[in-house]
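All remarks here apply to the structure that follows.
The values are calculated or read from the model by the stated rules, or taken from the named source; none is laboratory data. Keep in mind it's a predicted model, so treat the numbers as computed, not measured. Every residue, glycine as well, gets a Cβ built from its backbone with ideal geometry; the counts of neighbours run over all protein chains shown. What goes into the accessible areas is simple: the full protein's heavy atoms, side chains included, and nothing from ligands, DNA or RNA. Shrake-Rupley method; radii C 1.70, N 1.55, O 1.52, S 1.80 Å.
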Amino acid sequence: MNLLDKIGFAAAVILPLFNIPLILRMIERKSSQDVSLVWAVGVWVCILLMAPSGFQSKDMVWRVFNVMNVVFFSAVALTTLNFRRKKYAQK
């Protein structure tokens, strides 16, 4: 693995970790109101649609990024949907 591959691999692992503060903020506030539902579901669907390509890729960076992104953005989307469901269930 050359230097650029190592940098790309590190970024592929680190970038999806930036979803953690968003998830924690929603949990702390017990609300997902500051996250657009259309954005969260739209990005999630696109990530899920790209995932099969990433899982089959021979490029390790793309594969790792896809796995990390599916896991962490799924957590964002599910947290967002969970708080929205609770909001609408209270009405």
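By the gyration tensor of its Cα atoms, with a ≥ b ≥ c the square roots of the eigenvalues, what is the shape of the chain: rounded for a/c under 1.5, prolate for a/b over b/c, or oblate?
Values: a/c = 3.99, a/b = 2.12, b/c = 1.89.
The shape class here is prolate.
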The chain accessible area per residue, 1.4 Å probe, protein heavy atoms, integer Å², reads 67 Å²
Pseudo-spin-label distance LEU17 to LEU81, built 7 Å along Cα→Cβ, given in nm, is 2.7 nm
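State the percentage of accessible surface on the chain attributable to carbon and sulfur atoms; use a 1.4 Å probe and exclude ligands, DNA and RNA.
On the way: 4260 of 6100 Å².
In the chain, the share of accessible area belonging to carbon and sulfur is 70 percent.
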With +1 on the Cβ of every Lys and Arg and -1 on the Cβ of every Asp and Glu, the dipole magnitude of the chain about its Cα centre, in debye rounded to the nearest 20, is 520 debye
Between ILE27 and GLN56, Cβ-based FRET efficiency (R0 30 Å, step 0.05) works out to 0.35
The rounded separation in angstrom of the Cα centers of the range 45-70 and the range 1-25 is 13 Å
Burial-style ranking of 77-86, 12-21, average other-beta-carbon count within 10 Å with highest first, yields 77-86, 12-21
Scoring the chain by relative contact order with C-alpha pairs under 8 Å, at least six apart, yields a percentage of 44 percent
